[in-house]
1. Output the residues belonging to segment 6-20 that are open to solvent by 70 Å² or more (accessible area, probe 1.4 Å) and of a type in the set (Phe, Trp, Tyr).
2. Take residue 23 and tell me if it is at pLDDT below 95 and open to solvent by 60 Å² or more (accessible area, probe 1.4 Å).
3. Step by step: first the residues of segment 26-42, then only those that are polar (S, T, N, Q) and either surrounded by 11 or more Cβ atoms within 10 Å (Cβ to Cβ) or in contact (Cβ under 8 Å) with a residue 12 or more places away in the chain (or both), then the one that is nearest to residue 55 (Cα to Cα). Which residue is that?
Amino acid sequence: MADRDPAWEQAMDWVMREHEQGALDASDQRTLHDWLAAAPAHQKAYQEARRVWLLTGMLPGEGEV
């Protein structure tokens, strides 16, 4: 598929990893932080991925944990 967005795919990978692990370890948190800081598109894709995950009922909302 030529229209694949690498930032979106990486963002979804991060969101799924957070969901599967419950919490990222310190190394993963640093890696995620660095990835988010590397490009505005990364931050946007990550926020959109979290929103989609929340809308599908996969993430608890604020205060539900």
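1. Correct list: 8 only.
2. yes
3. Ranking the candidates gives 29 first.
The values are calculated or read from the model by the stated rules, or taken from the named source; none is laboratory data. As the structure is a prediction and not an experimental result, all values here were calculated from the model. Cβ: placed from backbone, ideal geometry, glycine included. Neighbour counts: every protein chain shown. Side chains are part of the model used for accessible areas, which takes the heavy atoms of the whole protein and leaves out ligands, DNA and RNA. Shrake-Rupley method; radii C 1.70, N 1.55, O 1.52, S 1.80 Å.
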